[in-house]
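First comes the structure, then the notes that go with it.
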Amino acid sequence: MGGIAGVRLRAELDTAELPPAHGARVEEAVRGLSGRSPTRPPHPDAFRYEIDQIDDPGSAPVSVDERDLPPELKDLVERAAESAEIEGPGR
Amino acid sequence: MTHRCSRHCILPPGLLHKLAENGSEEARKTALETLTLDHRFRLARAEAAARTGGRPMQPVTFAREGGRAQRTIYDQHNEKAQAPGTVARSEGQGPVEDAAVNQAYDGLGATYDFYWSRFQRDSIDGQGLPLLGLVHFGRNYGNAFWDNAGHMFFGDGDGRVLTQTTAGTDVIGHELTHGVTQHEANLVYSGQSGALNESISDVFGIQVKQYLKGESVQDSNWLIGEDIVGPELSPALRSMVEPGKANKYDDQPASMDGYVGGGDVHTNSGIPNRAFYVVASTLGGNSWDAAGPIWYAALCDPSLPATATFSDFAKRTLIQAERAYGAQSSEASAVRKGWDDVKVPL
């Protein structure tokens with residue numbers, strides 16, 4: 001969410017659809033974001049990603065500034081964002 | 001006979017700039033190195049201010065005559081590197097083939113000219129900070145942003161949500177104004193101060209567009225981002241007249257009745273946005289005649305805290321209006337009307 005448009009976009013990704021080793025790296029990278037505090041204040045109109053692990057209901061969603069996305073997640077998140085749908089009332 | 005050592009001379013940035021453009025190879029190299037070092041001082045100051053919030057320390061002044069932008073546009077070649085890529089157009093260079101480069105160059109110039117002509121503000125920091133635009137950032141990147149470190153990044157858009165982001169003069173004015181805010185009140189980017197930060201960028205972004213197009217308050221449609229939206233967000237990102245009505249996903253409130261606790265800074269910014277519109281349209285003429293200067297003075301008011309609420313800012317707009325025009329003036333009355341309309345207490 002965020003950006004100059006200020007809209008919330010949503011996309012789902014199933015790591016089971018990735019090659020096993022790649023999927024494992026992605027899951028580990030997401031777990032590594034848990035509990036991390038932001039390293040710096042967000043710059044205006046930055047994108048912020050909220051990653052929710054649907055298959056692990058006990059885990060809390062993680063929030064990360066686009067600049068702080070780990071390399072394992074960068075390409076994946078950005079590709080997912082390209083096909084994401086806008087969340088909202090859609091009047 | 002006195003010996004004059006060139007190392008002890010202070011060269012103003014304007015002269016350095018001319019050397020960089022027209023000097024010998026050695027002179028160009030030296031001038032560019034000096035300008036880069038100059039730029040690093042400003043960035044370090046800005047970066048420190050951004051980390052802590054609150055007003056930056058008093059800046060060191062440089063010997064410089066204002067009134068001329070120092071623009072450099074870089075091509076990021078659809079990569080997401082944060083450092084500038086290839087120089088695509090420098091200050092004073094004519095238009096190039098790449099339309100995005102030319103749009104960024106023109107938009108940065110229009111924003112500089114607006115701040116200089118209306119407020120005698122020499123660039124973002126008031127001291128001639130070079131304006132660096134980085135176009136073609138990322139692949140199908142639907143965003144534009146100011147990085148708090150002296151750079152404005154432009155994506156080409158994804159064609160659905162946003163299109164080419166260099167096409168919006170108001171967008172460029174919006175982003176550069178984040179830099180102005182950073183160097184003034186340095187409003188913390190969350191809660192009401194964050195929504196104010198966003199609103200101030202819309203307020204001055206729309207003025208830059210209106211000023212460039214010669215639009216009065218009546219001529220303008222007061223839409224933000226209409227030149228960069230894709231079909232999903234058509235016709236615009238935000239409306240300063242009717243917050244919440246710019247597109248089918250627009251969730252901005254138009255008054256404190258609809259304030260969203262914990263809401264995104266782009267959501268609640270609709271409230272002070274409309275306040276500005278009401279003040280400007282009540283006064284008539286051009287937004288930059290009185291409403292703009294009042295808002296600018298409030299932003300630059302040293303007593304405005306980094307964690308300002310809407311009410312903190314509103315009070316200062318009234319103080320500035322009364323100071324400049326008188327307590328019984330039509331300007332002060334318009335300011336009261338604007339904030340009353342959106343139900344922000346003065």
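Any read-out appearing in this document is the output of simple, stated calculations on the displayed coordinates, not a laboratory observation. What you see is a predicted model, and the numbers here were worked out from it, not measured in a lab. So basically every Cβ, Gly included, is an ideal-geometry build from the backbone, and we count neighbours across all protein chains shown.
Under 5 Å between amide hydrogens, built in the peptide plane, is the criterion, and for residue B:287 it picks out B:217 among residues at least 5 positions away or on other chains. Using only Cα coordinates, the Kirkwood hydrodynamic radius of the range A:8-87 works out to 13.4 Å. Amide H to amide H, with H built 1.01 Å from N, residue B:89 comes under 5 Å of B:73, counting only residues 5 or more places away or on other chains.
Given the range B:191-341, what whole percent of its Cα pairs are spread farther than 29 Å? Above the 29 Å cut-off, the range B:191-341 has 11 percent of its Cα pairs.
Between the amide H of residue A:47 and those of A:3, A:66, distances stay under 5 Å, these residues lying 5 or more places away or on another chain, with hydrogens modeled in the peptide plane. Shielding value for A:60-66 is 1, the average number of Cβ atoms from other chains within 10 Å of each residue's Cβ. The calculated 222 nm mean residue ellipticity attributable to helices in the protein assembly as shown amounts to -13500 deg cm²/dmol, summing -39500 (n - 2.57) over DSSP H runs of n ≥ 4 and dividing by all residues. Summarising the label geometry, the points placed 7 Å from Cα in the beta-carbon direction at residue A:13 and residue B:330 lie 5.8 nm from one another.
The peptide list B:317-329, A:40-52, B:267-279, put in order of mean Cβ contacts within 10 Å with the highest first, becomes B:267-279, A:40-52, B:317-329. In the structure shown, the pairs B:209/B:248; B:245/B:315; B:213/B:343; B:209/B:343; B:80/B:213; A:74/B:209 are assessed against 30 Å; a Cα-Cα span above that value is assigned to B:213/B:343; B:80/B:213; A:74/B:209.
Considering only beta bridges that DSSP places wholly inside the protein assembly as shown, some 70 percent are antiparallel. Any idea what log10 I(q)/I(0) is at q = 0.08, 0.14 Å⁻¹ for the protein assembly as shown, Debye with uniform C-alpha scatterers and no solvent? So the normalised log intensities work out to -0.46, -1.33. Relative to the longest principal axis of the Cα atoms of chain A, the long axis of helix A:20-33 makes an angle of roughly 60 degrees.
What net charge is computed for the residues neighbouring residue B:152, neighbours being all others with C-beta under 12 Å from the C-beta of residue B:152, Lys and Arg scored +1, Asp and Glu -1? With Lys, Arg at +1 and Asp, Glu at -1, the neighbours total -2.
So if we plug the beta-carbon distance of residue B:65 and residue B:242 into 1/(1 + (r/R0)^6) with R0 = 35 Å, what FRET efficiency do we get, rounded to 0.05? Result of the calculation: an efficiency of 0.20.
Out of B:142, B:126, B:161, whose Cα points farthest toward the positive end of the dipole of the range B:59-181 (charges: +1 Lys, Arg; -1 Asp, Glu; placed on Cβ)? Farthest towards the positive pole: B:126. A simple spin-label model places the labels of residue A:54 and residue B:79 3.6 nm from each other, with each point 7 Å out along Cα-to-Cβ. Of the DSSP beta bridges with both residues in the range B:71-167, give the percent that are antiparallel, rounding to the nearest 5. For the range B:71-167, the DSSP antiparallel bridge percentage is about 45.
Each peptide in B:131-138, B:255-262, B:170-177, B:69-76 gets a packing score, the mean of other Cβ atoms within 10 Å over its residues, and the list from highest to lowest is B:170-177, B:131-138, B:69-76, B:255-262. Across the range A:12-19, computed HN-Hα scalar couplings (Karplus, 6.51 cos²θ - 1.76 cosθ + 1.60, θ = phi - 60°) run 10, 9, 9, 5, 5, 7, 8, x Hz from first to last residue, x flagging Gly and Pro.
With the Cα gyration tensor of the range B:260-336 giving a ≥ b ≥ c as the square roots of its eigenvalues, does the rule (a/c under 1.5 for rounded; else a/b larger than b/c for prolate; else oblate) give rounded, prolate or oblate? It comes out oblate by the Cα gyration axes. Across the range B:125-135, rounded Karplus estimates of 3J(HN,Hα) from the backbone phi angles (6.51 cos²θ - 1.76 cosθ + 1.60, θ = phi - 60°) give 9, x, 9, x, 3, x, 9, 10, x, 10, 9 Hz, Gly and Pro being marked x. Okay, which of the range B:134-163 sit inside 16 Å, backbone N to the point 7 Å along the Cα-Cβ direction of residue A:22? No residues fall inside that zone. The 3J(HN,Hα) values that the Karplus relation (6.51, -1.76, 1.60; θ = phi - 60°) gives for the range B:232-244 are, in residue order, 5, 10, 5, x, 7, 6, 8, 10, 7, 7, 10, x, x Hz. Gly and Pro appear as x.
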